[in-house]
1. Please determine, by comparing only the residues of the range 192-207 that are among the hydrophobic types (A, V, I, L, M, F, W, C) and in a helix (DSSP H, G or I), which one is surrounded by the fewest Cβ atoms within 10 Å (Cβ to Cβ).
2. Would you confirm, using the coordinates I've provided, whether Val213 is out of contact with any Asp or Glu (no Cβ under 7 Å at 6 or more places or on another chain), of a type in the set (A, V, I, L, M) and at pLDDT below 95?
3. Right, Val248: surrounded by 14 or more Cβ atoms within 10 Å (Cβ to Cβ), part of a helix (DSSP H, G or I), hydrophobic (A, V, I, L, M, F, W, C) and not assigned by TED's automatic domain parsing to the domain that holds Phe21 or not?
4. Kindly check whether there is at least one residue in the range 128-138 that is in contact with a helix residue (DSSP H, G or I) (Cβ under 6 Å, 6 or more places away or on another chain), within 26 Å of Gly40 (Cβ to Cβ) and surrounded by 15 or more Cβ atoms within 10 Å (Cβ to Cβ).
5. Could you say which residue among Trp177, Trp237 is at pLDDT below 95 and either in the same structural domain as Ser130 (by TED's automatic domain parsing) or not β-branched (Val, Ile, Thr) (or both)?
6. Given the conditions (1) in a loop (DSSP other than H, G, I, E, B); (2) within 20 Å of the chain's Cα centre (by Cα); (3) surrounded by fewer than 20 Cβ atoms within 10 Å (Cβ to Cβ), report the number of the one that Ile189 does not fulfil.
7. Any residue in the range 130-142 that is without any contact (Cβ under 8 Å) to a residue 24 or more places away in the chain and of a type outside the set (S, T, N, Q) sitting within a Cβ distance under 7 Å of a residue that is surrounded by 15 or more Cβ atoms within 10 Å (Cβ to Cβ) and part of a helix (DSSP H, G or I)? List the pairs, counting only those 6 or more apart or interchain.
8. Assess whether Val217 counts as being closer than 17 Å to Met175 by Cβ and crowded, with 22+ Cβ neighbours inside 10 Å.
Amino acid sequence: MFPLVVHLSTAALTYLATAAFARFLHGVDATLWTAWLPVGVWSYLAVPLMLRLMDELKDADIDRALFSDRPLPSGKVRESDIRYSLVLVILLFVGANAGNGLTLAAALMLTGYALLMFKRFFAEQAHRRSLPLTLATHNPIVPMSLCYGFFLFAAEQGVPFSSLDWPSIALFVVMLWMPFLGWEISRKIRAPEDEDDYVTYSRLLGRGGAIAVMCTVQLLGVAAAGGVCLANGAPWWLPALPGLVWLVGLWAGVRFVRQPVTAHARLRPFAEAFVVASILSPLLAFGSWLV
């Protein structure tokens, strides 16, 4: 449920993209090869790992009913294994960031929000009944996690937190947040013959509505990349690469709407390609600042 190579690669690339943009934005020509590098990569890995472990526990009853082959209901792991692993990840995440007040505050904020998600914000039945409510309350952990890299940058370089260019940072965060949001929607879109008791966006919104929402949030990410270019004179290919990949995903979405069969409902690979393109584009645009 948590392929390490995929998530470690995503964590490393996301941290590098954030570090490169932060250096470009604030004119800091400083080496990346410091003790903060493993802290940043680990932190970007630890948050989704923490959430995955929490999901295994809080969705155990759903998995037993609908996904009996998953690790916990199939008996491949025990609940105690997951709980011990979760505690260890939290301790290592917070501990790795304890050397500076800014990074410690960010780690505690993210951990606290994740624990609220674990408890479904103390409104379990309301969240179980509403997939949009769950998305609205749970997905903000993504932009919060993306902001972590700028806390680390300020701590690493001794830049006053208040002097960071937050309007441009907000555009950058949206640029990376929307691809992850689109991916979250894509994995809950199914062909009509594949729908079951599991709540999906295609069942709630219809296949056309689900595709429209997915493509719209992705397009907002491309638009935010364009905003970063206009506001900061960034290279034009910052929005161009994800924009091209978005067009391919749009084609796949239209194909599914026109021919709603199982093969065409597999939109997750297209959403994942858009995530990769959105992370790689700032590395291509600002990579020269990573010395």
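The values are calculated or read from the model by the stated rules, or taken from the named source; none is laboratory data. Values in this document were obtained by computation on a predicted structure and should not be read as measured data. Virtual Cβ from ideal backbone geometry, glycine too; neighbours counted across all protein chains shown.
1. Taking the range 192-207 as the starting set, the residues that turn out to be among the hydrophobic types (A, V, I, L, M, F, W, C) are 199, 204-205.
From what is left, the residues that are in a helix (DSSP H, G or I) are 204-205.
Numbers: Leu204: 14, Leu205: 18.
In this case the residue turns out to be Leu204.
2. Values: out of contact with any Asp or Glu (no Cβ under 7 Å at 6 or more places or on another chain): yes; of a type in the set (A, V, I, L, M): yes; at pLDDT below 95: no.
For Val213, the condition - out of contact with any Asp or Glu (no Cβ under 7 Å at 6 or more places or on another chain), of a type in the set (A, V, I, L, M) and at pLDDT below 95 - is not met.
3. On the way: surrounded by 14 or more Cβ atoms within 10 Å (Cβ to Cβ): no; part of a helix (DSSP H, G or I): yes; hydrophobic (A, V, I, L, M, F, W, C): yes; not assigned by TED's automatic domain parsing to the domain that holds Phe21: yes.
For Val248, the condition - surrounded by 14 or more Cβ atoms within 10 Å (Cβ to Cβ), part of a helix (DSSP H, G or I), hydrophobic (A, V, I, L, M, F, W, C) and not assigned by TED's automatic domain parsing to the domain that holds Phe21 - is not met.
4. Yes, the range 128-138 contains at least one residue that is in contact with a helix residue (DSSP H, G or I) (Cβ under 6 Å, 6 or more places away or on another chain), within 26 Å of Gly40 (Cβ to Cβ) and surrounded by 15 or more Cβ atoms within 10 Å (Cβ to Cβ).
5. Details: Trp177 fails: at pLDDT below 95.
The match here is Trp237.
6. Among (1) in a loop (DSSP other than H, G, I, E, B); (2) within 20 Å of the chain's Cα centre (by Cα); (3) surrounded by fewer than 20 Cβ atoms within 10 Å (Cβ to Cβ), the lone unmet condition for Ile189 is (3).
7. Sorted first by the residue in the range 130-142, then by its partner, the pairs are Leu133/His127; His138/Met117.
8. On the way: closer than 17 Å to Met175 by Cβ: yes; crowded, with 22+ Cβ neighbours inside 10 Å: no.
Answer is no for this residue.
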